[in-house]
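Shown next, in structure tokens, is the structure this report addresses.
Just so you know, all these numbers are worked out from the coordinates, no wet-lab data involved. The structure presented is a predicted model; accordingly, all values stated were derived computationally and were not measured. Note that we place each Cβ from the backbone using ideal geometry, even for glycine, and neighbour counts take in every protein chain shown.
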Amino acid sequence: MKISCFLLAFFIGLPGVASAFDISGLQPVAPYGVFSTFSAESLPKNKGALEIGVEKSKDPSFYRFRLSGAYGISDSLEFNITAPYVYDFGGSTDGMEDIALGFKHRFYEEGKYGPSLAYMLTVSVNNGREEFSTSGRFGAGLILSKRVGPFKGHMNLFYERPGTGRLGGEFTVLGGIEFSAHHSFKLLAEVIAQRSHMSNHYDHVETRFGYRIKATDYLYTTLGVGLDLKKREPEYRVLLSVSIVSPPEKKPIRKIFEEE
């Protein structure tokens with residue numbers, strides 16, 4: 001919780017200028033993340049996950065539909081993909097964003113005091129209109145995760161370079177908290193601070209709150225709201241996603257009978 005409070009206090013005070021349409025980029029699949037913050041935890045080997053998400057933003061008003069997937073190449077290496085589609089009901093600004101791909105590798109396991117560490121390599125394929133595309137991009141990030149009692153905290157640092165040469169690099173810092181209120185119910189909080197490809201300052205600062213319900217061993221529903229703290233662009237957004245993951249393997253129970 002201290003990580004999120006620190007990020008919130010620090011980035012609100014940074015100067016900002018107008019920015020372009022916010023591009024979603026690669027997104028985690030629940031439960032391996034908060035909203036946009038990745039966890040260093042990953043899918044087991046040969047296990048997969050699929051997530052369908054919808055986002056409604058206000059000022060500017062638009063809908064974003066998202067299909068995300070993940071696959072465990074090994075117990076510590078995961079492949080991710082996100083395909084977002086933006087639709088403006090009653091307007092003309094609709095179409096595909098750049099399709100984002102990434103590989104996440106956990107190279108250090110969580111210890112008694114230290115966090116688990118992972119790095120991520122990302123690339124986006126140019127597949128969108130000019131309003132919400134940067135002609136593709138590539139980048140890398142560092143992911144930290146640590147569990148303390150019922151709390152699990154995550155910190156992400158990302159840098160991405162747009163395919164269009166006239167655009168600058170994009171820095172993003174994310175901090176997320178999960179609180180296990182129940183074995184099937186988690187409260188979520190997240191802070192995002194971003195220096196977009198159209199700015200030299202952190203012009204996008206947003207906080208998000210919500211919850212996640214584990215309906216079964218393989219079905220998760222996440223609902224949240226995001227509030228912009230910097231320029232009010234967008235003023236707020238509502239997020240809903242449903243994810244399906246490969247069910248865990250159930251180990252057979254061996255019973256031992258003693259003869260009397």
Quick one: P(r) of segment 90-194 from all Cα-Cα pairs, 10 Å bins, percents rounded to integers, in order of increasing distance. 14, 32, 31, 18, 5, 0
Neighbour-count ranking for HIS105, HIS183, HIS154, HIS204 (other C-beta within 10 angstrom, fewest to most) reads HIS183, HIS105, HIS204, HIS154
Counting other C-beta atoms within 10 Å, which of TYR119, TYR32, TYR87 has the fewest, and how do the rest follow? TYR87, TYR119, TYR32
Quote the charge dipole size of segment 2-244 about the Cα centre in Debye, to the nearest 20; the model charges only the Cβ of Lys and Arg (+1) and of Asp and Glu (-1). 600
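Taking 41 Å as R0, compute the FRET efficiency from the Cβ-Cβ separation of LEU121 and VAL225 and round it to 0.05.
Working from the Cβ atoms, E equals 0.85.
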Spelling out what I want: for every residue of segment 55-64, take phi, set θ = phi - 60°, compute 6.51 cos²θ - 1.76 cosθ + 1.60 (Karplus), and round to whole Hz; glycine and proline get x. 9, 10, 10, 10, 6, x, 9, 7, 10, 10
Under 14 Å from the 7 Å Cα→Cβ point of ILE73, by amide nitrogen: which residues of segment 111-152? 119-123
Just how far, in whole angstrom, is segment 121-145 from segment 161-229 if you go by their alpha carbon centroids? 16
Taking only Cα atoms of segment 26-130, the Rg to Rh ratio with Kirkwood Rh works out at 1.06
Just to be sure I follow: if Rg is taken over the C-alpha atoms of segment 48-102 and Rh is the Kirkwood radius over the same atoms, what is Rg/Rh? 1.12
Which whole-Hz couplings ³J(HN,Hα) result when phi for each residue of segment 206-218 is put into the Karplus expression 6.51 cos²θ - 1.76 cosθ + 1.60, θ = phi - 60°, listed in order with x for Gly and Pro? 9, 10, 10, 9, x, 8, 10, 10, 9, 6, 9, 5, 10
Compute the normalised compactness of segment 40-79: alpha-carbon radius of gyration over 2.2 N^0.38 Å, N being the residue count. 1.62
Neighbour-count ranking for ASP98, ASP59, ASP228 (other C-beta within 10 angstrom, fewest to most) reads ASP59, ASP228, ASP98
With no solvent and one equal point scatterer per Cα, compute the Debye intensity ratio I(q)/I(0) for segment 2-244 at 0.10, 0.11 Å⁻¹ and report its log10, rounded to two decimals. -0.43, -0.53
